[in-house]
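See structure below.
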Amino acid sequence: MSERTVEACPISPVVDLVFSRWTTPILWVLRHHGRQRFNELQGRLSPITSKVLTQRLRQLERDGLLTRTYHAEIPPRVEYEISELGLTLSTVFATLVSWSDTHLSAVEDARHRYDADSGLEPCLEQFGLKEPEQA
């Protein structure tokens, strides 16, 4: 009898796939700005490096979330656009935007209370991780 590993959270593979550091911003740009060339994408995603953008684009193409179109011209032209599969994430992103609009200020308030209660605020300010309070 074989044992199957039960995953603690059934959406972990999706979170790993979609919410890595640059995946969501890349998909967001392609969804809202349409087909883009590499330099256009990089300009909209500053400060992403060419190396990281190349890696993420290849992974997203492999995952089927975007399409890469090579135009055999002189000079060659490559364009990226969100795929049909990638577009299915639009409702997920819309839900997250709605949640953020409703709840992000509460998260920021909770962080402020936590930092104040734990005595971290002076340290955070010292290292530039938090703006000093304005009087």
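The values are calculated or read from the model by the stated rules, or taken from the named source; none is laboratory data. It should be emphasised that the depicted structure is a prediction, and the values quoted were computed from it without experimental measurement. Glycine gets a Cβ as well: all are built from the backbone with ideal geometry, and neighbour counts include every protein chain shown. Heavy atoms of the whole protein, side chains included, go into the accessibility calculation; ligands, DNA and RNA do not. Shrake-Rupley method; radii C 1.70, N 1.55, O 1.52, S 1.80 Å.
With respect to S12, determine if the residue is loosely packed, with under 10 Cβ neighbours inside 10 Å and polar (S, T, N, Q). Spelling it out, it is not the case that S12 is loosely packed, with under 10 Cβ neighbours inside 10 Å and polar (S, T, N, Q). Out of the residues in segment 1-38 that are modelled with pLDDT of 95 or more and not in a helix (DSSP H, G or I), which is nearest to R77 (Cα to Cα)? Going through the qualifying residues, I end up with R37. Close contacts from segment 56-84, counting a first residue that is free of Cβ contacts under 8 Å to residues at least 12 places away in the same chain and closer than 11 Å to R37 by Cβ and a second that is of a type in the set (A, V, I, L, M) and part of a strand (DSSP E or B), with Cβ to Cβ under 9 Å and a gap of 6+ residues or different chains, come to H71/V78.
Only one of the numbered conditions (1) acidic (D, E); (2) part of a helix (DSSP H, G or I); (3) at pLDDT below 95 is not met by E73, and that is (2).
For (1) of a type outside the set (S, T, Y); (2) out of contact with any Gly (no Cβ under 7 Å at 6 or more places or on another chain); (3) exposed (fewer than 15 other Cβ atoms within 10 Å of the Cβ), each residue gets a yes or a no:
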position	(1), (2), (3)
S20	no, yes, yes
I26	yes, yes, no
R31	yes, yes, no
G34	yes, yes, yes
K51	yes, yes, yes
T54	no, yes, yes
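Exactly one residue among L60, L41 is part of a helix (DSSP H, G or I), open to solvent by less than 60 Å² (accessible area, probe 1.4 Å) and within 19 Å of I11 (Cβ to Cβ), and that residue is L60.
When we screen D109, D101 for residues that are over 20 Å from H33 (Cα atoms) and either at pLDDT 95 or above or in a strand (DSSP E or B) (or both), the only hit is D101.
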